[in-house]
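Participant: This is the structure, below, for whatever I ask next.
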Amino acid sequence: EKVTPVPISTDSECDIYYTLDGTVPTVSSAKYSDPIDVSAYESSLVVKAVAVNSEGLISRVATVNYNFADPSKKYTFKDAVLGKIVAANLGKSVKSITFSDIMLLEEIDSSLYTGDGSVTSLADLPNFKNLKTLYLKDQQSITEYCDFSQLPSLESLSLVNCSVSNAIFKSICSITTL
């Protein structure tokens with residue numbers, strides 16, 4: 001399966017800096033020179049870029065989300081408990097969840113899952129492109145958070161009785177869509 005490289009351009013004479021991990025690019029980020037090879041990405045990619053003119057003025061961040069996954073392909077969760085929570089929200093078994101389910105889901109509510117265990121990683125969340133509401137309660141074991149700015153549709157985030165570091169708290173506070 002052939003994947004088209006991702007080109008980035010600007011209307012003026014500027015240097016372009018970009019990131020592929022969802023973080024905001026700076027002049028220390030990768031400098032764009034050739035189309036980006038995205039063949040190593042399995043399911044999705046967040047490209048963020050800024051243009052910097054000769055006077056050092058930096059543009060607003062441009063963000064593009066790419067989804068490469070076959071919508072009918074089964075989704076494999078990085079965090080098993082998050083998978084069970086999502087399954088409870090969808091009314092499906094974890095093994096029957098597809099990329100289409102993930103990309104279309106608008107709400108995750110951990111209170112719908114009554115089983116054992118705690119979420120340890122939110123690394124799956126950037127794949128939920130239409131997620132509007134995230135409600136997690138009593139998840140004290142989360143050690144891996146995602147960059148919540150990779151969730152462009154997120155309108156409501158509730159982390160009730162969850163452990164959150166100062167760095168993650170600052171990241172959450174910087175989200176302008178909440």
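Participant: Please give the contour-minus-distance gain from residue 160 to residue 92: 0.36 nm per residue of separation, less the Cα-Cα distance, rounded to one decimal in nm.
Facilitator: 22.0 nm
Participant: Could you derive backbone 3J(HN,Hα) for segment 105-113 from the dihedral phi with the Karplus parameters 6.51, -1.76 and 1.60 (θ = phi - 60°), listing whole Hz in sequence and x where the residue is Gly or Pro?
Facilitator: 5, 9, 9, 10, 10, 5, 5, 7, 9
Participant: I need the phi-derived Karplus couplings for segment 66-74: 6.51 cos²θ - 1.76 cosθ + 1.60, θ = phi - 60°, integer Hz, Gly and Pro marked x.
Facilitator: Computed from phi, the couplings for segment 66-74 are 10, 10, 9, 6, 5, x, 8, 6, 5 Hz.
Participant: Just tell me which aspartates and glutamates come within less than 14 Å, Cα to Cα, of residue 78; anything on the same chain fewer than 8 places away is out.
Facilitator: Residue 78 reaches 42, 124, 144.
Participant: Still on this model: Between residue 109 and residue 171, how many nm apart are label points set 7 Å from Cα along the C-beta direction?
Facilitator: 2.7
Participant: Charges at C-beta only: +1 for Lys and Arg, -1 for Asp and Glu. How large is the resulting dipole of segment 61-108 about its Cα centre, in Debye rounded to 20?
Facilitator: 260
Participant: Sticking with this one: Taking every DSSP beta bridge that has both residues in segment 102-162, what percent is antiparallel when rounded to the nearest 5?
Facilitator: Looking only at bridges with both residues in segment 102-162, the antiparallel portion is about 0 percent.
Participant: Which percent, nearest 5, of DSSP beta bridges in the chain are antiparallel? Mind dumping the intermediate values first?
Facilitator: Numbers: 16 of 26 bridges.
For the chain, the DSSP antiparallel bridge percentage is about 60.
Participant: Next up: Looking at segment 48-124, which trypsin sites (Lys or Arg not before Pro) are in a loop (DSSP not H, G, I, E or B) and have at most 12 other Cβ atoms within 10 Å?
Facilitator: In loop regions of segment 48-124 (DSSP not H, G, I, E or B), the sparsely surrounded trypsin sites (Lys or Arg not before Pro) are 60, 73.
Participant: Sticking with this structure for a sec: Please compute the Kirkwood hydrodynamic radius of segment 105-156 from all pairs of different C-alpha atoms, in Å with one decimal.
Facilitator: Kirkwood hydrodynamic radius for segment 105-156: 11.6 Å.
Participant: To continue, here is another question. List, in order, the whole-Hz ³J(HN,Hα) value for each residue of segment 133-145 obtained from phi through the Karplus relation with A = 6.51, B = -1.76, C = 1.60 and θ = phi - 60°; use x for Gly and Pro.
Facilitator: Rounded to whole hertz, the list is 10, 10, 10, 10, 10, 6, 9, 7, 9, 5, 10, 10, 9.
Participant: Next question, about the same structure. As a check on your grasp of the helix formula, calculate [θ] at 222 nm for the chain: sum -39500 (n - 2.57) over DSSP H runs of n ≥ 4, divide by the residue count, round to the nearest 500.
Facilitator: The helix-only estimate for the chain comes to -4000 deg cm²/dmol at 222 nm.
Participant: Express in whole angstrom the spacing between the alpha-carbon centres of segment 8-85 and segment 113-135.
Facilitator: Answer, in whole Å: 22.
Participant: Okay, next question. With charges only on Cβ, +1 for K and R and -1 for D and E, what is the dipole size of segment 102-154 about its Cα centre, in debye, rounded to 20?
Facilitator: The calculated dipole for segment 102-154 is roughly 140 debye.
Participant: Let me ask something additional. Under 27 Å between alpha carbons, and skipping anything fewer than 8 positions from residue 73 in its own chain: which lysines qualify?
Facilitator: Output for residue 73: 2, 48, 84, 92, 95, 129, 132.
Participant: Report the one residue of 57, 25, 134 whose Cα lies farthest in the direction of the positive end of the charge dipole of the chain (charges on C-beta: Lys and Arg +1, Asp and Glu -1; origin at the Cα centre).
Facilitator: Among 57, 25, 134, the one farthest towards the positive end of the dipole of the chain is 134.
Participant: So what's the chain giving for Cα Rg divided by 2.2 N^0.38 Å, two decimals?
Facilitator: Against the compact-globule rule of thumb, the ratio is 1.14.
Participant: On to the next question. About its Cα centre, what dipole magnitude does segment 47-178 give when the only charges are +1 on Lys and Arg Cβ and -1 on Asp and Glu Cβ, stated in debye to the nearest 20?
Facilitator: Details: 12 positive and 13 negative charges, 43 e Å.
Dipole magnitude for segment 47-178 comes out near 200 debye.
Participant: Which of rounded, prolate or oblate describes segment 1-98 when judged by the alpha-carbon gyration tensor and an a/c cut-off of 1.5?
Facilitator: Note, shape of segment 1-98 comes out prolate.
Taken together, the values in this text are just the output of simple stated rules run on the coordinates, not laboratory data. As the structure is a computational prediction, the values presented were derived from the model and not from experiment. Neighbour counts run over all protein chains shown; Cβ positions are idealised from the backbone, glycine included.
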